[in-house]
Each structure stands twice: as structure tokens, then as C-alpha cells.
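Report on the following structure.
A short reminder: the numbers here are calculations on the coordinates, not readings from a lab. Quantities reported herein were computed from a predicted structural model and do not represent experimental measurements. Cβ coordinates were reconstructed from backbone atoms using ideal geometry, including for glycine residues, and neighbour counts include every protein chain displayed.
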Amino acid sequence: MQTVTRIQAIPVAAIPRLAKVSRTIALAGVVLPLLLIGLLKFTQIEVEALKPLISGTPWLAWLYPVLGEAGTSYLLGTVEIFTAILLIASAWSARAAVVGGGLAALTFLTTVSTMLVLPVWEAASGGFPWLNFLGTFLIKDVALFGVSLVILTQGIERLREPSLQTQGS
């Protein structure tokens, strides 16, 4: 009962501001990794770091024979940077939210899917549920996938708003 009273004590006017700040932080939480890791994809260090991840994932391994190791890394980096730019633009454009949210969701879904075939459990600690270094690196993408889906959904809702208003009149 006391919790309800405390929540009711929050001024109603503060809720939209909190929602805006929350969305901005969540958006930054997706944009920053995409942008910074996307830029990193253009370095030899990242080209090398991707080798076990891509070659060890059957649905991604085909990229190496087609694009080469550096080309694959550059393609991924380009998509990640482009996606980050779209997500930044999503604050002003519903279309950018839909395309950026969709691309980000696909990016993070792909990354999360690698956990199905890569060694992500710490054998020395007994395996599941103990994550190793790779597992701890990849598990965060579950949250990034979720935030990307929220951005995508909000973009779709914003695009549908005008059509819903014309249907009601």
C-alpha cells in the first residue's frame, strides 16, 4: 500500500519527461555500440577478432568466400554505422525508426544467434549457466535486440497514427 502512495506522489507532469529521458538513454545504449563497434570493423584488429565468430557460425561462414575477411568486416561495419545514423534520425523520422530499428534488430538477432553454435559456456566452472568471455560479450545483445524492437515498434506506431486518425473521421 505504501508503494502505491509513493508512486502516486510522482508528479504527473514528470512522467513524459522521464519517458523522454528513458528513450534517449535506451537509444544511446543501442547507437553507441553500433557506431563504435561499426567503426572498429574497419581495423585489422577487428577483422582478426571476427574470424572465429564468423567462421564458427554456419549461417555466416559463407560471407568469407564471397567477400573475404576484410570485406566481410567492412560490410558489417558499414551496416552498423548506417543503422546507428538511422537510429539517431529516428527521433525525428518514423521511417528512420522503422528501417533503423529493423536493421538493428536483425543485427542483434544475428549476433545472439551465434550463441547457439559458439562455445559460450565456461567449462572450468561446470558449463551452463556459467558464461565464458565470449558469452559475456554476446549476452548483452539480447537487451540491444529488445530495445531495437521497441524502436521499430514505436516507428510503426508513429507511421500508423495519421491513418488511424483519418479512419476515425
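Data for the structure
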quantity: Estimated translational D of region 61-169 in µm²/s (Stokes, Kirkwood radius over Cα pairs; 20 °C; 1.002 mPa s); calculated: 134 µm²/s
quantity: Lysines whose Cα lies under 25 Å from that of K41, excluding same-chain neighbours fewer than 8 positions away; calculated: K51, K140
quantity: Highest average packing first - 53-59, 11-17, Cβ atoms within 10 Å; calculated: 53-59, 11-17
quantity: Partners for K20 among aspartates and glutamates (Cα-Cα distance below 17 Å; same-chain residues under 8 apart left out); calculated: E157
quantity: Packing-based ranking, highest mean first, of 119-130, 93-104 given that Cβ atoms within 10 Å are counted; calculated: 93-104, 119-130
quantity: Angle between the chain longest axis and helix 94-113 axis [Cα atoms, degrees, rounded to 10]; calculated: 40 degrees
